[in-house]
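Written out below as structure tokens is the structure these notes cover.
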Amino acid sequence: MLRGELATRVPEHSLATSVGTRSPDQGSEPALVAMDDTNNSKGDDFAGSAALHAVASNHGEAPSVYPPISRLAVIGDRRTAAVITADGCAQWLCLPNFDGLPIFGRLLDAGRGGYWRLGPASGREGRQKYLEETNAAATRWDADGGELELTDAMLLPQGDRRADEQDHRALLRRLRCRSGSVDCVLELQPRDQFGATPILSPVGGGCELRVAGLALSLWTSRGEPIDDPARANFRLAAGEEFWAILATGKMPGTWSVEAAERALTETIGYWRNWTGRYDYQGPRRQSILRAALATELLSFAPTGALAAAATSSLPERIGGNRNYDYRYAWIRDASMAMATLSVLGDVESAERYLSWISQLGSSTEMPVQVLYRIDGGTDIKQRNRDDLAGYRGSRPVRFGNHAFRQRQLDCLGYLADCAVIYLIKGGRWAPEYWRLISRIADYTAKSWRKPSSGIWERDEQRHYVSSKVMSWTTLKRALDFADRSGDNGNLRRWRAAMAEIHDDVMERGWSDELQSFRQHYGADTLDASTLLIPLMGFLEPNHPRVVATVQRIEQDLMVDGLVHRFRPERSDLSMVEFEGAFLPCCFWLAAVYALMDRDKDADAMLRRIEGLIGGSGLFSEEVDSRSGELLGNIPMIFSHAEYARAILQLDHHWPTDI
């Protein structure tokens, strides 16, 4: 018996009072997706319910030590996020924010990382789904003598919290027995930076602990303290529920079943009200909403920033060293995502983002740097944890990201593009926005001839063709912004630089040998980022050089219908061994197909990718083109934004007047 384990199960006759509560009207909860036992329009079929978006369907299997990335659900409160696996285990949670210290890190080290498991004592994997139009997840098991359902949500996602709630973070879990009788287990093992398990101090209604410099409380509906380390065995019968909340900033004694129910209902209501702002009614509406929900999930409510992903160091190559920390605000990713939300009708989020970025400083020569901490901090020093096992042996585990120091002109083009789309869609003009656009346009006009690290953040600076194209985009959008707002700036200089860039790319960016645009000047190598040429309007999609470049990419960079970024240089690994196919590149090609009136090819590409994520709607960064396995951090906002853009391009919803 593990140290601290309860010596005996709670007797069955005492379940209703000491373990959980019996829901007063099981299955008729109006604030949640209806999942009663009758055959109604919402349905109770986890595999086919329109009210739920499937995350995983490996019901009954033993849990993997490191579950496939496609089988991960991510929930959050617009401050931080938790990753939930199909065995009911929270394997990732950083506090207090996305880029904080992980108290649950089992995803990156199964032996030393913290976790919180709640579900059947057997430890089997269930089937996961998102509650319709929310960022709350449900896991269901229908074995072990009965049927269990676990609902996970992070509370208080609202941006306008009360002053006394600003520092609250709360992960709520509700385990409900829908039929039969099931032995259940709760295991809570938080860790301080992958170190020792903190001591839990029993208090009324639960326990308290300190981890990563924070005071946390655990409340459960058991009504009795849980020992250290936290492990409790109990049984639930049909209709009974067990509630648990792990929180900062709130004593366990302040919670009750009624308060927990109210908080969950309010959280579900927030997400559903939020999705109501979108009027897109195309054939992929639910997919668009999931992409938008993933974006909002990773928004940082206190500032308007947007984390690129919820996780760190999920690998681009299993067992390799391409493992990076994406829990920060990349200008490229956030700008593309906010442009997409603006097209969908949410200019408010884009306005908060532009207001935030307008007042930031930079620790580099660029007017804005490549990425920031989500609180606007500029120093994101990278450190390796060579002592950690890594996801499936992929090492090192990294925290921080040194790319913040780079010169990367590409991201400025995405930012300017976002600002113009925001205006086109009815966004409010503000003088600080024009000052921001003027600064990045002036810098681009002065610096476009310099080599840079490029959109792929390469260590070696070169004259990447996509960097020149995005520099042209920065200047073009700055002029568009001036035309729409009536502002004045160095317009003549910007126009002259635009013309010079265009001539330079047409002369030096084209490879006669490849019969396509090249990756960088002076080399006959191919890069999928040249698809930005038609996407940003640098050339028309039917231009002979665009058509030829698309053909070359299809021939040289596609494997089994999936697009890789480039062929690796100075590597003994083949393209498919070096890293996975890059999902944003796949979506770029789909969008270009749509621009070329190749609608069937665009739809086929979207369907190809949609078939790899198991219906979850969550994209990572890459996919192994041999196995179809997702790779990289999740959910990847760059992937979601480009996926949505491809859908909107195919449905003729993307702006064409820029």
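Within the range 358-381, restricting attention to residues that are under 20 Å from the mean Cα position of the chain (by Cα) and more than 30 Å from G320 (Cβ to Cβ), the residue that is most open to solvent (accessible area, probe 1.4 Å) is D375. Applying the set (1) closer than 16 Å to R174 by Cβ; (2) within 23 Å of the chain's Cα centre (by Cα); (3) basic (K, R) to R262 leaves exactly one unmet item: (2). Looking only at the range 285-310, count every residue that is over 16 Å from S639 (Cα atoms) and of a type in the set (K, R) and tell me the total. Count: 1.
Within the range 64-78, the residues that satisfy the criterion of being part of a loop (DSSP other than H, G, I, E, B) and either surrounded by 24 or more Cβ atoms within 10 Å (Cβ to Cβ) or in contact with a strand residue (DSSP E or B) (Cβ under 6 Å, 6 or more places away or on another chain) (or both) are L72, D77, R78.
Restricting attention to the range 382-406 and to residues that are at pLDDT below 95 and over 20 Å from the mean Cα position of the chain (by Cα), the residue that is surrounded by the fewest Cβ atoms within 10 Å (Cβ to Cβ) turns out to be H402. Being among the basic types (K, R) and in a strand (DSSP E or B) holds for only one residue in R173, R191, and it is R173. Here D183 meets each of (1) open to solvent by less than 20 Å² (accessible area, probe 1.4 Å); (2) in a strand (DSSP E or B) with one exception, condition (1).
Select from the range 506-524 the residues that are under 17 Å from P451 (Cα atoms) and under 34 Å from the mean Cα position of the chain (by Cα) and write down the one among them that is surrounded by the fewest Cβ atoms within 10 Å (Cβ to Cβ). Step by step, filter the range 506-524, then rank; the result is Y521. The residue that is farthest from T474 (Cα to Cα), counting only those in the range 313-330 that are surrounded by fewer than 24 Cβ atoms within 10 Å (Cβ to Cβ) and in contact with a helix residue (DSSP H, G or I) (Cβ under 6 Å, 6 or more places away or on another chain), is G319. Against the test of being open to solvent by less than 10 Å² (accessible area, probe 1.4 Å) and closer than 17 Å to T248 by Cα, the options A153, A212, A138 yield a single qualifying residue, A153. Sort through I357, I380 and tell me the only one that's under 18 Å from Q408 (Cβ atoms), aliphatic (A, V, I, L, M) and part of a helix (DSSP H, G or I). Being under 18 Å from Q408 (Cβ atoms), aliphatic (A, V, I, L, M) and part of a helix (DSSP H, G or I) holds for just one of I357, I380, which is I357.
For the range 314-354, filtered to residues that are outside any helix (DSSP H, G or I) and of a type in the set (G, A, S), the residue that is nearest to A301 (Cα to Cα) is A329. Which of the residues spanning the range 426-448 are open to solvent by 10 Å² or more (accessible area, probe 1.4 Å), among the aromatic types (F, W, Y) and more than 15 Å from R407 (Cα to Cα)? Answer for the range 426-448, where residues must be open to solvent by 10 Å² or more (accessible area, probe 1.4 Å), among the aromatic types (F, W, Y) and more than 15 Å from R407 (Cα to Cα): W429, W434. The residues listed here are L341, L306, L354, L298; of these, the one that is closer than 30 Å to G195 by Cβ and surrounded by 24 or more Cβ atoms within 10 Å (Cβ to Cβ) is L298.
What number of residues in the range 449-496 are among the aliphatic types (A, V, I, L, M) and crowded, with 23+ Cβ neighbours inside 10 Å? Counting residues in the range 449-496 that are among the aliphatic types (A, V, I, L, M) and crowded, with 23+ Cβ neighbours inside 10 Å gives 6. Quick check: is even one residue across the range 129-136 modelled with pLDDT under 95, in a loop (DSSP other than H, G, I, E, B) and over 22 Å from the mean Cα position of the chain (by Cα)? No, the range 129-136 has no match at all. The residues in the range 535-551 that are buried (at least 18 other Cβ atoms within 10 Å of the Cβ) and within 15 Å of C586 (Cα to Cα) can be counted, and the count is 3. Taking the numbered list (1) farther than 25 Å from A136 by Cβ; (2) touching a Lys or Arg at 6+ places or on another chain (Cβ under 9 Å); (3) of a type in the set (V, I, T) in turn, T303 passes all entries but (1).
Within the range 280-295, can you find the residues that are of a type in the set (G, A, S) and open to solvent by 10 Å² or more (accessible area, probe 1.4 Å)?
Once the filter is applied, which keeps residues that are of a type in the set (G, A, S) and open to solvent by 10 Å² or more (accessible area, probe 1.4 Å), the range 280-295 yields G282, S287.
When you scan the range 187-204, do you find a residue that is open to solvent by less than 10 Å² (accessible area, probe 1.4 Å), under 21 Å from G76 (Cβ atoms) and not β-branched (V, I, T), even just one? Yes; the residues of the range 187-204 include at least one that is open to solvent by less than 10 Å² (accessible area, probe 1.4 Å), under 21 Å from G76 (Cβ atoms) and not β-branched (V, I, T). Scanning the range 118-128 for residues being over 13 Å from V65 (Cα atoms) and open to solvent by 10 Å² or more (accessible area, probe 1.4 Å) gives a total of 3. Within the range 505-523, the residues that satisfy the criterion of being of a type outside the set (A, V, I, L, M, F, W, C) and closer than 12 Å to Y464 by Cα are R508, G509, R518, Q519, H520, Y521, G522. Within the range 245-275, track down each residue that is outside any helix (DSSP H, G or I) and open to solvent by 60 Å² or more (accessible area, probe 1.4 Å). The answer is K250, M251. Set side by side, the residues R598, R567 differ, and just one is free of Cβ contacts under 8 Å to residues at least 40 places away in the same chain, farther than 21 Å from H640 by Cα and open to solvent by 10 Å² or more (accessible area, probe 1.4 Å), which is R598. When L306, L360 are screened for being of a type outside the set (S, T, Y) and touching a residue at least 24 places away in the same chain (Cβ under 8 Å), only L306 passes.
Would you confirm, using the coordinates I've provided, whether L297 is more than 28 Å from A334 (Cβ to Cβ) and of a type outside the set (K, R)? No, not satisfied. In this structure, R112 qualifies as part of a loop (DSSP other than H, G, I, E, B), closer than 23 Å to L72 by Cβ and open to solvent by 10 Å² or more (accessible area, probe 1.4 Å).
The values are calculated or read from the model by the stated rules, or taken from the named source; none is laboratory data. In this text the structure is predicted, and so the values were computed from the model without any measurement. Glycine gets a Cβ as well: all are built from the backbone with ideal geometry, and neighbour counts include every protein chain shown. Note: areas computed on protein heavy atoms with side chains; ligands, DNA, RNA excluded. Shrake-Rupley method; radii C 1.70, N 1.55, O 1.52, S 1.80 Å.
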